[in-house]
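Enquirer: My questions will all concern the structure given below.
The values are calculated or read from the model by the stated rules, or taken from the named source; none is laboratory data. Remember, predicted model here, so these are calculated numbers, not experimental data. Neighbour counts run over all protein chains shown; Cβ positions are idealised from the backbone, glycine included. Please note that ligands, DNA and RNA were not included when accessible areas were found on the heavy atoms of the full protein model with its side chains. Shrake-Rupley method; radii C 1.70, N 1.55, O 1.52, S 1.80 Å.
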Amino acid sequence: MIAEDAQLHAMLSRLQLTAIRDRLDALLQEAARRDLDLRQTLTHLCTAEVEYRDQRRIAMGTSIAKFPFVRTLEDFDFDAQPSVDARLVRDLAISRWVANGDNVLLLGPPGVGKTHLAVGLGRAAIARGYSTLFVSAPGLVANLAKAHDDGHLDDRIAFYAKPKLLIIDEIGYLPLEKDAAHLFFQLVARRYERGAVLLTSNRSVGEWGDVFGDNVVATAILDRLLHHSHVLTIRGESYRLREKRRAGLLRPSTTNPST
Ligand code: ADP
Ligand code: MG
């Protein structure tokens, strides 16, 4: 490396322009090939750096979020799920609701794409720069209960209160203990109007008294969650079962009159 190159390399390192530093030759060659003037070349270099940083930020945010699977809103087949308002979902993907600390409830029977949409909206929020954490409702409650027993509940609630978006998946698949409902309430109250919550549930909100084993606490939780919220109710049958039926692997449904 000639001295001037070494100096440039060191300066790019010091300025933390690592994408420009590591791809300098290729970027400059491309600029020459496209006949870019000096200002355009600078834009070309900066674009490479910004894109690299965005990618790295999204990759890091996605790994911190602990999604259960990789799904995007682009993968979601809206035609197959007419009860989902595609326009509303695309609007939610802009993540203004996350910025405002509003809530989203995704309700519907198993297999209709609730978790898929939750992950897709979570990824959209990360792309917009909002920290996101995905937890299952049973996992969350078990974690809070353990922290409570160990005398660390405040720390744990602070941990779950921190991400700008908390996704709580699968409320209602398992009944919760009464204590669990109180722990859950504390978290919801802490996040209220500060951090966005996305919840999925196979039970309608009218049944949450049963889910939480306590109507008073369920009402207090819903009161806060529903105050600034978007509720999407998905109907129909499981997407996978439908695909199998289409492929002729299952006989037509006789049990699900809603499809
Ligand atoms: P739920 O959380 O409602 O039980 P999931 O989101 O886990 O359902 O969906 C089950 C599977 O079916 C997942 O692999 C998901 O990606 C897929 N799926 C569901 N609905 C759709 C859809 N409309 N388009 C594409 N894939 C879908
Ligand atoms: Mg699910």
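Enquirer: Keeping to segment 193-232, report how many residues are over 19 Å from Leu106 (Cβ atoms) and either within 16 Å of ligand 2 (Cβ to nearest atom) or in contact (Cβ under 8 Å) with a residue 40 or more places away in the chain (or both).
Expert: Number satisfying all stated conditions: 2.
Enquirer: Quick one: would you say Val135 is over 21 Å from Gly195 (Cβ atoms), within 16 Å of ligand 1 (Cβ to nearest atom), in contact with a strand residue (DSSP E or B) (Cβ under 8 Å, 6 or more places away or on another chain) and outside any helix (DSSP H, G or I)?
Expert: no
Enquirer: Please indicate, with yes or no, whether at least one residue in segment 103-121 is free of Cβ contacts under 8 Å to residues at least 24 places away in the same chain and in the same structural domain as Glu193 (by TED's automatic domain parsing).
Expert: Looking through segment 103-121, none of the residues is free of Cβ contacts under 8 Å to residues at least 24 places away in the same chain and in the same structural domain as Glu193 (by TED's automatic domain parsing).
Enquirer: Working only within segment 23-42, note down all residues that are open to solvent by 80 Å² or more (accessible area, probe 1.4 Å) and in a helix (DSSP H, G or I).
Expert: Asp25, Gln29, Arg33, Leu38, Arg39, Gln40, Leu42
Enquirer: Which condition number does Thr62 fail, the rest of (1) in a loop (DSSP other than H, G, I, E, B); (2) under 13 Å from the mean Cα position of the chain (by Cα) being met?
Expert: Every listed condition holds for Thr62 apart from (1).
Enquirer: Next up: Kindly provide the set of residues from segment 48-78 that are among the acidic types (Asp, Glu) and open to solvent by 70 Å² or more (accessible area, probe 1.4 Å), ordered by number.
Expert: Listed by number, the residues that qualify are Glu51, Glu74, Asp75.
Enquirer: Same structure again: Could you check, for segment 124-142, whether at least one of its residues is buried (at least 19 other Cβ atoms within 10 Å of the Cβ) and in contact with a His (Cβ under 7 Å, 6 or more places away or on another chain)?
Expert: No, every residue in segment 124-142 fails to be buried (at least 19 other Cβ atoms within 10 Å of the Cβ) and in contact with a His (Cβ under 7 Å, 6 or more places away or on another chain).
Enquirer: In the list Ile20, Ile94, Ile2, which residue meets the criterion of being among the β-branched types (Val, Ile, Thr) and open to solvent by 100 Å² or more (accessible area, probe 1.4 Å)?
Expert: Every option except Ile2 fails the conditions.
Enquirer: Touching a strand residue (DSSP E or B) at 6+ places or on another chain (Cβ under 9 Å), in a loop (DSSP other than H, G, I, E, B), at negative phi and within 16 Å of ligand 1 (Cβ to nearest atom): does that describe Pro109?
Expert: For Pro109, the condition - touching a strand residue (DSSP E or B) at 6+ places or on another chain (Cβ under 9 Å), in a loop (DSSP other than H, G, I, E, B), at negative phi and within 16 Å of ligand 1 (Cβ to nearest atom) - is not met.
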